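Here's the structure we're looking at; comments come further down.
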Amino acid sequence: MCDDGDARGTPPRPRWGWLSVLTALGIAALAAVDLLVTARAPRVGLECAVVALTYAALAGWARRQRVALDQLDWCAGAWPRVTVRQVASRPAPPAAVPGTAPRSPSVPALH
């Protein structure tokens, strides 16, 4: 199904190292809050903040890596053969009918 004969380009690879770093930093921050903050209310608030920031960082990583993650299942030879069809957002104006004068833009009549 996949022919790797003339693979001209290589697809981007996910940066798994950054995912590991972000996860380790989140776990280390949780451990630091747990060890350094003794009062219950501030500790719960800080733990929630650390978890929320860690999830936000992981979501940002996934967003930045979405192309690479999407192409993990692709064959190596499929990458250079991808074609993208561009569709204009507005249709082309209609062609003029032979033998008629070109139309001017319609302007509403003022009475």
Selection count where residues are modelled with pLDDT of 80 or more and either basic (K, R) or farther than 30 Å from L25 by Cα (or both), scope the stretch 46-74: 3
Among the residues listed as G77, G99, the single one being modelled with pLDDT under 95, surrounded by fewer than 10 Cβ atoms within 10 Å (Cβ to Cβ) and either in contact with a helix residue (DSSP H, G or I) (Cβ under 6 Å, 6 or more places away or on another chain) or outside any helix (DSSP H, G or I) (or both): G99
Does the stretch 15-29 contain any residue that is in contact with a Gly (Cβ under 9 Å, 6 or more places away or on another chain), surrounded by 10 or more Cβ atoms within 10 Å (Cβ to Cβ) and modelled with pLDDT of 75 or more? yes
Of the residues in the stretch 33-76, those that are under 23 Å from P14 (Cα atoms) and of a type in the set (D, E, K, R) come to R63, R64, R66, D70, D73
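The values are calculated or read from the model by the stated rules, or taken from the named source; none is laboratory data. Computed from a predicted structure; not experimentally measured. FYI the Cβ positions are ideal-geometry reconstructions off the backbone, even for glycines, and counts take in every protein chain you see.
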